[in-house]
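Asks: Dropping a structure here in structure tokens format, bear with me for questions.
Just so it is clear, none of the values below were taken in a lab; they were calculated from the coordinates. In this text the structure is predicted, and so the values were computed from the model without any measurement.
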Amino acid sequence: MSYWTQSRSPLYSFLFTIPIFVIYEIGIFFISKDDVWVLRNGADALMRQLLASFGIFGLYGIGAIFLFAFIIVFIRQKQQWDKTDIHFDYLLLMTAESAVWALCLYFLLSNILVGLMNPIGKSIIQQVTLAIGAGIYEEFLFRVLLIYGLNGILGFIFQWSVNIRRWGAMIVAAGIFSAFHFIGEYGDYFSLDLFLLRFFAGLVLGIVYFVRGFGITAYAHSIYDLIVLTQLTTRY
């Protein structure tokens, strides 16, 4: 199979996102105990709260479950190994492609002096950690889980075609993704312009997810946040 087919597969997403997952968890490990509960990525914190309602606690519980989920994907994909070759040069190409998508998103939003993330960390290390975590956890929550769930709900309620269900799920997920940034103590003050900005960004990331898969979307989101963070920190 070609790069375009294999690079969007669950197996390649699993292999591709391991580095940023590990970097984020290591970064969290070095954040002080006083800051870790506040600064941990919002989507990560939300998923931990949902798990706590089922009796699953622990600071690194969501990380373990996230990794477990990808192991399941890895095992399922293993059944197709006779059709899938591991090309490590593909991973390098995926990194370059993610940077291109991130730059496209940046230039689409270049006239707006705000990013998808709110850099609340006290140090640059904390802010970089949160930027990386936003890519992997927000995309896992709002693109993978939420779109999959909404797609199933729309399919159950309406007799729509697959493509219409996907677009409907992507639009609703983009709205929830945007609204998520205004929730909580460190959320932004609501404004319609800012909501529409992030809604549009959610649509772009949703399209990238459907076209190129989770791994490239997660990297594109993280790289975009790092670009914005660099712009903000070098401005002062």
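Asks: Given the Cα-Cα distance of Leu103 and Phe182 and 0.36 nm per residue of separation, how much length would full extension add, in nm?
Replies: On the way: separation 79, 0.36 × 79 = 28.44 nm, distance 2.46 nm.
Once the chain is fully extended between Leu103 and Phe182, it gains 26.0 nm.
Asks: Which of the three applies to the range 162-236, rounded, prolate or oblate, going by the alpha-carbon gyration tensor with a ≥ b ≥ c and a/c under 1.5 meaning rounded?
Replies: Numbers: a/c = 2.63, a/b = 1.33, b/c = 1.97.
Oblate shape, in that a/c is at least 1.5 and b/c is the bigger or equal ratio.
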